[in-house]
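Below is one structure, written out as structure tokens, with a few remarks after it.
Please treat every number below as a calculation from the coordinates, not as lab data. Bear in mind that the values here come from a model prediction, so they are computed numbers and not experimental data. Positions of Cβ are generated from backbone atoms using ideal geometry, with glycine treated the same way; all protein chains shown enter the neighbour counts.
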Amino acid sequence: MSAACVTGDGPVIARALGSARIAPRRDATPETPYPWFSVTKLFTATAVLQLVETGRVLLDEAVSTYVPSFRIESPRVPTLRHLLSHTSGLANPVPMTWVHLAGERGPTLDELTERELGRHSNVRFQPGTRFAYSNLNYLVLGQVIEQVSGESYESYVTEHVLGPLGATRAGFGVPADMASGYSRSLSFMGMAARFVLDRKFFGPTVDGFTELRPFEVDGAPYGGLVGTASEMLLLGRAMLAGGTLDGRTILRPETVQMALTTTTSADGSPLPIGLGWHLGNGGDEPYAFHLGGGGGFRSELRIYPRRKFAVAVIGNETSFDTAPIARLGARPRASWRPPRGVAAHPGRA
């Protein structure tokens, strides 16, 4: 596990525990990169909101205005706002097989999106009427970014989001020092994966954990970023600072506020999401977050706007629970105690 946190403009605290790889053993460090999976959606949402700020797209414009090939069976055409807030009604096919081994070629973004929309062309509900998570929403948003910017999704995010954030190592692809992913061999997910995925994805089993060989996801906009916990934290720090980090503007303050504001359905009911950011409340302490998870990994980025606290945590085991660490920001500081078995050190996490 690697984690990083920060309060206000204080120093970033980054720590790591355990093994980045079991055999041969390689210790995890604060500089170990991991796949972020769906936390990537926050960076996709940021890219779209940048295009909104420059007037190149409109939140309430039909998706087909920007992606002419977008076709679904719905009496009401989804808008970019619907995609960002998961209120489009698009289906959410299980993406377990949307992967390819590192070094192999996967489908292009257009190929994957058009294939899946072709298989799932009917909406589950009228756009704007309720919330239902869908990876397809963010594949289509990736197409919007490409169509409007004239750049590949990866290039746009690298130059306009990661670059201004100062995330120099984060990106798309598999770095040589990336953590290996593991699943518990006798868990439901561990056994189910063996029925779904080709055997080429599986490495050796050691001490009850099966290693997954290095792979990339098909469809970068929904889950393709790889990086360290500290680099993931950069976006949280920027959001807490009104969209600016170290003098570089990623989003305007009003756009940040909009992204963290509760979405309402067509009948005015509040929904548990803003624009990209999921919204929660722990111990009467509101927070915004996004989880990420896939074969062998689990991640979370969480911010507590009132406390100016941000935390990013990533582990290399499918069932790893990020919440006990991510929710530390909701606890009154005077009542904090280290988890059982972890020594307390003044000034250290």
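Remark on Phe309: its backbone amide H falls under 5 Å from those of Gly8, Tyr304, a criterion applied only to residues 5 or more positions apart or on other chains, H modelled at 1.01 Å from N. Normalising the average separation of contacting C-alpha pairs (under 8 angstrom, six or more residues apart) by the number of residues puts the relative contact order of the chain at 24 percent. Which residue, Met258, Met239, Met178, tops the fluctuation ranking in a GNM of the chain built on C-alpha contacts under 10 Å? For the chain, modelled as a Gaussian network with Cα springs under 10 Å, the answer is Met258.
Within the range 2-332, the percentage of alpha carbon pairs spaced more than 39 angstrom apart rounds to 9%.
The residue list Thr244, Pro305, Ser155 was ranked by how far each Cα lies along the charge dipole of the chain toward its positive end, using unit charges on Cβ atoms, and Pro305 comes out on top. The amide H of Ile250, built 1.01 Å from its N in the peptide plane, has Thr244, Leu245 as neighbours under 5 Å, considering only residues 5 or more places off or on other chains. Near the amide H of Val206, within less than 5 Å, lie the amide hydrogens of Glu211, all on another chain or at least 5 residues away, with H placed in the peptide plane. Only DSSP H runs of four or more residues enter the estimate; each adds -39500 (n - 2.57), and after division by the residues of the chain the mean residue ellipticity at 222 nm equals -7000 deg cm²/dmol.
Across the range 95-107, rounded Karplus estimates of 3J(HN,Hα) from the backbone phi angles (6.51 cos²θ - 1.76 cosθ + 1.60, θ = phi - 60°) give x, 4, 9, 7, 9, 9, 4, 4, x, 8, 8, x, x Hz, Gly and Pro being marked x. Among Gly181, Gly55, Gly223, the largest mean-square fluctuation in a Gaussian network model of the chain, built with springs joining Cα atoms closer than 10 Å, belongs to Gly55. Of Thr40, Thr54, Thr158, the sequence from fewest to most neighbouring Cβ atoms within 10 angstrom is Thr54, Thr158, Thr40.
Other residues within the sphere of radius under 15 Å centred on the Cβ of Arg248, judged by their own Cβ, net out at -3 (K and R +1, D and E -1).
Computed from phi, the 3J(HN,Hα) profile of the range 46-56 under the Karplus parametrisation 6.51, -1.76, 1.60 (θ = phi - 60°) reads 4, 4, 5, 5, 5, 5, 5, 4, 8, x, 7 Hz, with x in place of Gly and Pro. Just Tyr182, Tyr138, Tyr156 to compare: in a GNM of the chain, with alpha carbon springs under 10 Å, which one fluctuates most? The residue with the greatest mean-square fluctuation here is Tyr156. Under the combined filter of DSSP loop state and at most 12 neighbouring Cβ atoms within 10 Å, the range 70-121 retains these trypsin sites (Lys or Arg not before Pro): Arg105.
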